[in-house]
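Scroll down for the structure; my scribbles are underneath it.
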Amino acid sequence: MKLSTINNAYKTEIDDKIFAKAIKEMTDIQDERIEILFTEIPTKELFKWMIANDISIENLKEYYEKYIKPRGLKNQQLEDFFEI
């Protein structure tokens with residue numbers, strides 16, 4: 001599953017597999033598209049993408065807590081899901 005919406009406003013495209021690899025390896029990416037992935041992609045689509053890329057909920061949460069929230073970004077719907 002490809003999340004083309006993370007590249008819509010950019011001249012150059014980043015393959016979302018790069019984001020999947022970074023999340024799995026807990027590598028910070030200094031590109032706002034990783035922020036878009038966590039804050040603007042609907043949670044349902046994010047989870048479909050996560051499953052298609054073999055990313056665990058725990059790994060997604062850890063990445064979000066370590067790299068996304070400290071940037072002052074928040075996705076309440078995603079955080080609510082992490083609490084379930």
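Points to keep in mind about this one:
- Every pair of residues 6+ apart whose Cβ atoms lie under 9 Å, when the first sits in region 49-66 and is farther than 17 Å from Ile36 by Cα while the second is surrounded by 15 or more Cβ atoms within 10 Å (Cβ to Cβ) and among the small types (Gly, Ala, Ser): Ala52/Ala20; Asn53/Ala20; Asp54/Ala20; Ile55/Ala20
Okay, residues lined up against (1) in contact with a helix residue (DSSP H, G or I) (Cβ under 7 Å, 6 or more places away or on another chain); (2) modelled with pLDDT under 95; (3) surrounded by fewer than 17 Cβ atoms within 10 Å (Cβ to Cβ); (4) part of a helix (DSSP H, G or I):
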position: Ile6; (1), (2), (3), (4): yes, yes, no, yes
position: Ala9; (1), (2), (3), (4): no, yes, yes, no
position: Ile18; (1), (2), (3), (4): no, yes, yes, yes
position: Ile41; (1), (2), (3), (4): yes, yes, no, no
position: Glu45; (1), (2), (3), (4): no, yes, yes, yes
position: Glu65; (1), (2), (3), (4): no, no, yes, yes
position: Gln77; (1), (2), (3), (4): yes, yes, yes, yes
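The values are calculated or read from the model by the stated rules, or taken from the named source; none is laboratory data. Only a predicted model underlies this, so the values are computations on that prediction, with no experimental measurement involved. Virtual Cβ from ideal backbone geometry, glycine too; neighbours counted across all protein chains shown.
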